[in-house]
Amino acid sequence: MRTLRGYLWVAPALVWTLAISLGPTLYMVVHAFLAPRFDPAAGRPRLRWVGFENFARFVADDQLLHSVWWTVGVACTAVVLEVVLGLALALAAWSLTGRAARVAGGLLTMPMLMAPVAVAYLATTVFAQDVGLINGSLARWLGVPPERLPNWRSDPVWATVAILLVEVWQWTPFCFAVLLAGLASQPSELYEAARIDGAAGWSLLRHVTLPLLRPVLVVVVLIRLVESLKLFDVPYGLTRGGPGTATQSYSMWIKEIGLTRYDVGLASAMGLLLLVVLASSGTMALWLSKRARSVTQG
Amino acid sequence: MAQQTGSFSHTGLTPQRWLAAVGFYLAVGVWIIVPGCWTVAQAFKQPRDVHSLRWIPWLEYQPTLASWRETLADPQLRRTLRNSVIVSVGATTLALLLGCPAAYALARFRLRPLGAEDTLLVFLSQRFLPPVVVAVPLALMAQRVGLYDRLVALIVVHTAFVLPLVVLITRSAFLDVPPELEQAARLDGCTMVGAFVRVALPLAAPGVAAAGLIAFGFSWNEFVAALMLTQYRAQTLPLFVASSEDTWGLDMGRVAVRCLIAVLPPLAAGVAVQRFFIRGLTLGAVKG
């Protein structure tokens, strides 16, 4: 009786969440193996089971494969930069005390509260060719001639760098905030003991701080990796996938194939692949976060 | 921000601390202050000053409200702003109404066969679903049943998107309330629902409010589902911000104004509840 009543409290929220997530997911899983085929009896195309044909079409498409490597490359580079910079900033902030440091830390966490698409759109004014903040400053302060200024818009490499910079700008603060919270929850007795043993500076960092921080670091990396692989808003707002389709992310392709070309089979196959990758890394993150919770809050 | 007990904090002003302080404040300056000032300055410039690196108002350029006036008079901005408010407030309200009882049950009751921790994991795992995977089928279904480009559809979807965060944050708020108070209320004749509404909920109010503000910010910033489920009538503010004509190097004043309008509400909400925000984003791994 008691357990049943407990579920009554949970059920509305659980049903709502699962209806919106599981319903569409099942739709995708099924449609990944379906494709329209002409049915002579009915005189019109009908959905038929086609096995792995949609997946085969995906693997045969060079543009789509390019977007896979591009997205994975951007995501991994972004995560490494975010975590390294975030850790450096968190260690610096951790050694500071007082009001100024707290205010500065608060300011630093502001980017992650902003809509990514607004940040990307704003970045178009920073990366604009002749008049943007970056190229304008390069020309004015460093005297870079116009023909040698980075071409943020029409060069695929520089466009990718711009997207990467926006991603890193927005999410390093997240790594900073989480790692700082992790540092602050470390037991101070260990530091007293290590100091008595003569540890200081780098050896303290290497042998006490970082090992203690490891569970938090692992969770941060996994969460950021999962989020980065979903990359959509920033390329959409900043480059629209251009020049050409050079910076069109994997998620942007799914949207275009599914809702512009209405090739639901191919879009579903691609969605299913993304889901499998994210679900496996996500499960790992959840499992590790459960462990980290017992470390940081125990 | 959490209390800081640094590894160097007992040793006075060592060279490392100087280096850390200089590096940290310099980083904050480059990271936040420079782009922030640039954006605000752009929003108050006249069109002829927008394409120049002028920073100091009155000395280097004559500030004006022209971009603001123009943007705020745009009917599509007003429509999308109103839609964003309706969707975010609607989704937040629904998520709190559904999420608080669930979180309370997960904090207090013994659930079987799936325990409270595992039920929580079911909620949390939703955060890993890529929004496109959910939104493309939802858009196809919505088009079929006539919910495409309707605010209702967006509210329903956003509610599901923010529910996991609401459950996670309010559950830890309920866990911080001592259960003895509710037991006393039950002994005095309160029903279970009464104990929840009259005792637990008021005591957990700060956590519930924080969850609400975070849910509001998430819904406000959400882009992928809003892009696929709306076309014109039900567009939200992030879509308006992104949908505009080609702007590279053009009309930078209006770009800045639009982005400031889109970015300010969640900033205001988020600064108030930072530590809860961290807890939510790390799936509860870090308390913040």
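Quick look at the numbers
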quantity	calculated
Criterion violated by A:Val218 - all others in (1) within 20 Å of A:Thr77 (Cα to Cα); (2) crowded, with 21+ Cβ neighbours inside 10 Å satisfied	(2)
Residues of the stretch A:253-271 classified as closer than 19 Å to A:His66 by Cα and either at the interface with chain B (Cβ under 8 Å from one of its Cβ atoms) or among the polar types (S, T, N, Q) (or both), total	6
Members of the stretch A:52-72 that are of a type in the set (Gly, Ala, Ser) and more than 16 Å from A:Gly271 (Cα to Cα)	A:Ala60
Flag for B:Arg82 being more than 20 Å from B:Val197 (Cα to Cα) and among the basic types (Lys, Arg)	yes
Set B:Gly212, B:Gly217: member being modelled with pLDDT of 90 or more, surrounded by 20 or more Cβ atoms within 10 Å (Cβ to Cβ) and within 7 Å of chain A (Cβ to nearest Cβ)	B:Gly217
Check on B:Ala91, surrounded by 20 or more Cβ atoms within 10 Å (Cβ to Cβ), more than 22 Å from A:Val29 (Cα to Cα) and either free of Cβ contacts under 8 Å to residues at least 40 places away in the same chain or touching a His at 6+ places or on another chain (Cβ under 6 Å) (or both)	yes
Members of the stretch A:96-150 that are in contact (Cβ under 8 Å) with a residue 12 or more places away in the chain, surrounded by fewer than 16 Cβ atoms within 10 Å (Cβ to Cβ) and part of a loop (DSSP other than H, G, I, E, B)	A:Asp130
Options B:Gly115, B:Gly90: the member that is touching a helix residue (DSSP H, G or I) at 6+ places or on another chain (Cβ under 7 Å) and under 30 Å from B:Leu175 (Cα atoms)	B:Gly90
Which numbered condition A:Arg214 fails, given (1) assigned to a helix (DSSP H, G or I); (2) at pLDDT 90 or above	(2)
Check on A:Leu91, at the interface with another protein chain (Cβ under 8 Å from one of its Cβ atoms), assigned to a helix (DSSP H, G or I) and closer than 30 Å to B:Ser84 by Cα	no
Residues that are modelled with pLDDT under 90 and surrounded by fewer than 20 Cβ atoms within 10 Å (Cβ to Cβ), drawn from the stretch A:154-184	A:Ser154
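The values are calculated or read from the model by the stated rules, or taken from the named source; none is laboratory data. Just so it is clear, the model here is predicted, and its values are computed rather than measured. Cβ atoms come from the backbone with ideal geometry, glycine included; neighbour counts cover every protein chain shown.
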